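Okay, structure first, notes after.
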Amino acid sequence: MSAYRQFRYLNHPIGFSLTVLTLISSKYWQSDAVADYGSQPSNRRTALQSVPTRFHLESKFADFKTLTVPVSVVMTVYNGRRFLRAQVESILSQLEANDELIVIDDASTDDSVELLASLDSSQIRIFRNTENQGAIRSFERGLQLAREEFIFLSDQDDIWLPGKRSAFVAQFEQNPSTLVVISDAEVINGEGEITAKSFMAVRRGFKGGVVATIWRNRYLGCAMAVRRSLLGVALPIPRGIPMHDMWLGLLGQLEGKVVYLNTPYLQYRRHNKNSTPLYSQLRWRNMIHWRLGLLSALTQRMWVSRSR
């Protein structure tokens, strides 16, 4: 590239953002469908690995079948009564005694909160927004309230498949630099019928790098869990980004390691009332605007993080 073209590229907002992010992360493009993503954190990030937690377990002595490290599950709810009981029960069936399920009700007008209360579980902590905030702000509040080291994200209308909790926790315990774990998911419709055996296959495999995600997001929040130390960089979630899952996934990739599990540990429900937008219904103009906002926010947050 000539010096003149380099100058014009760097003075373009997209070119500048991509250049900065490329310098920050040497692995800006991922091509494997099933792989571990991210690089080892630098010495400046080692402090993230020593954040105190309520419980500690040396993973090298752990029997993953009897892990007792407590976890948090953060779920947001908005008028979700139809599928809510099945989802909550699938989660509670895997939680251990010291785990918690944090539910942020986003000013529902149905009886979602009453249904949750009727389950009479001491593990469920319900918080209500006084007015509708949307998915991103509700998840942000839930993440701030979570008390445990490993934090799962959950929608109101999916189904956890057996083994999800233990498989995710095992990955976090095996490597302290793992900041995000994500799995594949089956896709089901409103009646619970499987419409796709693999969500990631529909998206041509999981690719977690910056450029791949900007082009087509594969980070599915309800199939993700994060380590608490990531929140020190990720929160607060900037205004104007497309969704919280893209934000958390990319920061996990840039700050440490993202592990992808190709086993479906979730049934991801697609129906006409999902809060996650269908890309076929979005205009390219909005998608470009969102991605520019995401690039800008990532550049600014990583600059601040590296400057600490």
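What follows draws every value from the coordinates through simple rules; no lab data is involved. Being a predicted model, the structure only gives us computed values, none of them experimental. Cβ sites come from the backbone with ideal geometry, for glycine too, and all protein chains shown count toward neighbours.
Data table
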{"item": "Global form of the range 141-276, assessed from the alpha-carbon gyration tensor, a/c cut-off 1.5", "result": "rounded"}
{"item": "Cα-projected label distance for residue 204 with residue 235, points at 7 Å along beta-carbon direction, nm", "result": "3.7"}
{"item": "Sorted by Cβ density within 10 Å, fewest first, the residues 237, 151", "result": "237, 151"}
{"item": "At most 16 other Cβ within 10 Å, DSSP loop - GluC sites (Glu not before Pro), the range 147-199", "result": "191, 193"}
{"item": "Fully extended contour minus Cα-Cα distance, from residue 215 to residue 113, at 0.36 nm per residue", "result": "33.0 nm"}
{"item": "Estimated distance in nm for a label pair at residue 304 and residue 132, the labels positioned 7 Å out from Cα along Cα-to-Cβ", "result": "2.9"}
{"item": "Charge dipole (debye, nearest 20) of the range 57-215; +1 at Cβ of Lys and Arg, -1 at Cβ of Asp and Glu", "result": "540"}
{"item": "Simple label model, 7 Å out from Cα along Cβ direction - residue 191 to residue 286, nm", "result": "2.9"}
{"item": "Amide hydrogen neighbours beyond the local backbone of residue 261, cut-off 5 Å, H modeled", "result": "182, 183, 184"}
